[in-house]
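These notes are about the structure you will find just below.
Throughout, read-outs are computed from the coordinates displayed, never taken from laboratory work. These numbers were taken from a predicted model, which means no experiment stands behind them. Don't worry about glycine lacking a Cβ; one is built from the backbone with ideal geometry, like all the others, and counts go over all protein chains shown.
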Amino acid sequence: MAAAKVTFKPYPVKPPTFRSKTLKIEAPEYNDSLNNAYQTTRDVATELRTELQKYLESARKRVCDLIRKVNTLNEELRVTKEELRVAREEIKAAKEALVTSNSKNLHPALMLLLEEPGEWCKDEIKGW
């Protein structure tokens, strides 16, 4: 038996290119399917936009209201802090005045009126 001589090609055959006359692309059908997909996507996006528009508007209004409330609260907090600072300064001044008054006027006057501290009665002091 005679052996058949087989020849191997070292590289595979190149695939046909678009310029090849054997490859046929049906452009009108491909174009129609792309156009249909684009129009369907556009229609779905339009419907979603119209459905979500009312929710977006209400969300925007809610966010604006919350921002206004936060700004109002921040302003009230600033005013309250200022009032608290002024009140603390007034309390500090009153304490200093009381200490000064007690050290200079009150104790010597009590000592003169009641003479001895040992004889002071709780009822007399309570009535102040």
Rounded to whole angstrom, the alpha-carbon centroid of region 78-93 lies from that of region 55-74 at a distance of 31
Take Y38 and E57, extend 7 Å from each Cα along the Cα→Cβ direction, and tell me the distance between the two endpoints in nm.
3.2
Under the Karplus relation with 6.51, -1.76 and 1.60 and θ = phi - 60°, whole-Hz ³J(HN,Hα) for region 69-80, x at Gly and Pro, equal 5, 5, 5, 4, 5, 5, 5, 4, 5, 4, 5, 5
For the pair E90 and T72, how long in nm is the line joining their label points, each one 7 Å along Cα→Cβ?
2.7
